[in-house]
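Novice: What follows is a structure written as structure tokens; I'll ask about it next.
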Amino acid sequence: CAANGLGPQRGRDLVRRGEPPCRSPELCLALQRGQGGEVAVLQESGAGVTWAPCQGRLLHQPPPSLPLWVSALLPEGKSLKDEDVLQNLPVGTTATLYFRDLGAQISWVTVFLTEYAGPLLIYLLFYFRVPFIYGPKHDFTSSKHSVVHLACICHSFHYIKRLLETLFVHRFSHGTMPLRNIFKNCTYYWGFAAWMAYYINHPLYTPPTYGDQQVKLALVIFLFCQLGNFSIHIALRNLRPAGSKTRKIPFPTKNPFTWLFLLVSCPNYTYEVGSWIGFAIMTQCLPVALFSLVGFIQMTIWAKGKHRSYLKEFRDYPPLRSPIVPFLL
């Protein structure tokens, strides 16, 4: 198989089941699929060859040796990464790899575009009061409250920003996720978008208790956190060169919004929660507050996982950082 586009490597061969076992003095991998017996034997004697091209060779062997989406496991249960060099595996000259069928997969980009485009369009349906939502006499009418129009602008801005970041900013370490995730994620995002949009754009909606002062304060919080979130995404993008899966410790840059890295591991989540808190204050709407709370809980789980990963991978990781809330959480 080809290695990182460099062409065929000498001294390597893929031996189909039933042929003599490999005799390479460097590495011999017997490839197993669960309890289904041997799939193939991979003989490796080239230097610096990673797992990715070899797995690709297996996936495209006629007839297919493996399902389309699989995860390769060492006997102790450790998953192989695409960038793992075969000769650096913690094994001797022979080892057995096992394959776990991951089921149907879908790209992260597709999932993100779908789950973000939905709320954008759904909210606008309620904002323009299309028929069959609020009754015939309110079809295509407009709210008399300026906060309703401002909320629509902020909500649309947020999801347009997310769509553009997905296309032009984010670099994904994993190419795919389980297909079922798109249904789960869309239910969450689309459902909450419809719920909050129904009440904010309702003909009987009442403005916030403290009027324009409350709305202006909330707008400042929302815009500040949106800029902060975007700044963190740019900083994280610059840590990873295009086409690379290299992981580095993120540090503050000259951009003041990135200084939150001094206190938390995932300031992008901190700013994201702050944005929705600002939106909840602006609209004074219970569904928005609940969406903010659920989002905070989920992002806290993600942040704690990334924080643990940083601590495990980098011995010199800054000890004062918290996962998402400075000094607390």
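The values are calculated or read from the model by the stated rules, or taken from the named source; none is laboratory data. As the structure is a prediction and not an experimental result, all values here were calculated from the model. Neighbour counts are summed over all protein chains in view; Cβ atoms, including those assigned to glycine, are modelled from backbone coordinates with ideal geometry.
Novice: Report whether or not K137 is among the charged types (D, E, K, R), surrounded by fewer than 17 Cβ atoms within 10 Å (Cβ to Cβ) and modelled with pLDDT of 95 or more.
Specialist: no
Novice: Quick one: is G278 under 14 Å from A218 (Cβ atoms), assigned by TED's automatic domain parsing to the domain that holds Y198 and in a helix (DSSP H, G or I)?
Specialist: Yes.
Novice: While we're on this one: Answer with yes or no whether F99 is in a strand (DSSP E or B), among the aromatic types (F, W, Y) and either under 19 Å from C154 (Cα atoms) or at pLDDT below 65 (or both).
Specialist: Against the criterion (in a strand (DSSP E or B), among the aromatic types (F, W, Y) and either under 19 Å from C154 (Cα atoms) or at pLDDT below 65 (or both)), F99 qualifies.
Novice: Which of the residues that make up segment 281-299 are more than 21 Å from L217 (Cβ to Cβ) and crowded, with 18+ Cβ neighbours inside 10 Å?
Specialist: M299
Novice: Follow-up. Go through segment 125-140 and give me each residue that's closer than 10 Å to N201 by Cβ and in a loop (DSSP other than H, G, I, E, B).
Specialist: If the condition is that a residue be closer than 10 Å to N201 by Cβ and in a loop (DSSP other than H, G, I, E, B), then F128, R129, I133, Y134 are the ones that fit.
Novice: Please work out which one of (1) in contact with a Cys (Cβ under 9 Å, 6 or more places away or on another chain); (2) not in a helix (DSSP H, G or I) is the condition I232 fails and give its number.
Specialist: For I232, the failing item is (2).
Novice: Right, here's the next one. For residues that are in a loop (DSSP other than H, G, I, E, B) and in contact (Cβ under 8 Å) with a residue 60 or more places away in the chain, scanning just segment 245-266, find the one that is surrounded by the most Cβ atoms within 10 Å (Cβ to Cβ).
Specialist: In this case the residue turns out to be L263.
Novice: Also, I was wondering about something else. Just to be sure, is A194 within 26 Å of the chain's Cα centre (by Cα) and under 21 Å from V294 (Cα atoms)?
Specialist: Answer is yes for this residue.
Novice: Based on what the data block shows, is F296 part of a helix (DSSP H, G or I), more than 15 Å from C225 (Cα to Cα), within 21 Å of the chain's Cα centre (by Cα) and of a type in the set (A, V, I, L, M, F, W, C)?
Specialist: no
Novice: Out of T209, T187, report the one residue that is surrounded by fewer than 18 Cβ atoms within 10 Å (Cβ to Cβ), without any contact (Cβ under 8 Å) to a residue 24 or more places away in the chain and not hydrophobic (A, V, I, L, M, F, W, C).
Specialist: Just one listed residue meets the conditions, T187.
Novice: Consider R129 against the criteria (1) modelled with pLDDT of 95 or more; (2) farther than 16 Å from Y199 by Cβ: it satisfies all of them except one. Which criterion is unmet?
Specialist: All conditions are met except number (2).
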